[in-house]
1. Mind sorting out which of (i) 50, 40, 18; (ii) 44, 29, 16; (iii) 42, 32, 21 is the real Cα extents along the principal axes in Å computed from the coordinates?
2. May I ask which residue of VAL70, GLY60, GLY1 lies farthest towards the positive end of the charge dipole of the chain, with charges of +1 (Lys, Arg) and -1 (Asp, Glu) on Cβ and the Cα centre as origin?
3. Could you work out the helix-only [θ] at 222 nm for the chain, with each DSSP H run of four or more residues adding -39,500 (n - 2.57) and the total divided by the number of residues, to the nearest 500 deg cm²/dmol?
4. With a 1.4 Å probe and every protein chain left in place, tell me how much accessible area THR34 has, in Å² to the nearest 10.
5. Roughly how many percent of the accessible protein surface of the stretch 26-71 is carbon and sulfur, given a 1.4 Å probe and a whole-percent answer?
6. Would you kindly find the accessible area of VAL6, with a 1.4 Å probe and non-protein molecules such as ligands, DNA and RNA excluded, rounding to the nearest 10 Å²?
7. Sort GLU45, GLU40, GLU29 by heavy-atom solvent-accessible area, probe 1.4 angstrom, most to least.
8. Leaving out ligands and nucleic acids, note down the accessible area per residue over the chain with a 1.4 angstrom probe, in whole Å².
Amino acid sequence: GDKVAVYATYSGTQTGPLGDFPPKGQIMESKFITIFRIEEGRIAEIWVEWDNLAMLTQLGHFPAPDTTVVE
């Protein structure tokens, strides 16, 4: 068809501000998916999805989720 999907991992170190979040020098790694719609041999549209909460948690800007199991 006219769509191409990419599932990949990106990683990096936060050395500058990320919106309102100051640089912390922390390393993060996150998976993402991108879908490209191709028209006449060119990219016409792009959709990207990733987990912002996981990224912010790895960078130390958001607390890790409580993994306590309640029985």
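The values are calculated or read from the model by the stated rules, or taken from the named source; none is laboratory data. Owing to the predicted nature of the structure, the values given are computational and were not obtained by experimental measurement. In this analysis, Cβ positions are derived from the backbone assuming ideal geometry, glycine residues included, and neighbour counts consider all displayed protein chains. For the accessible areas, the whole protein counts, side chains as well, though only heavy atoms, and no ligand, DNA or RNA atoms are used. Shrake-Rupley method; radii C 1.70, N 1.55, O 1.52, S 1.80 Å.
1. This structure yields the entry labelled (i).
2. GLY60
3. My calculation for the chain gives -2500 deg cm²/dmol from helical runs alone.
4. 10 Å²
5. Answer for the stretch 26-71: carbon and sulfur cover 57 percent of the accessible area.
6. Its heavy atoms expose roughly 50 Å² to the probe.
7. GLU40, GLU29, GLU45
8. Value returned for the chain: 80 Å² of accessible area per residue.
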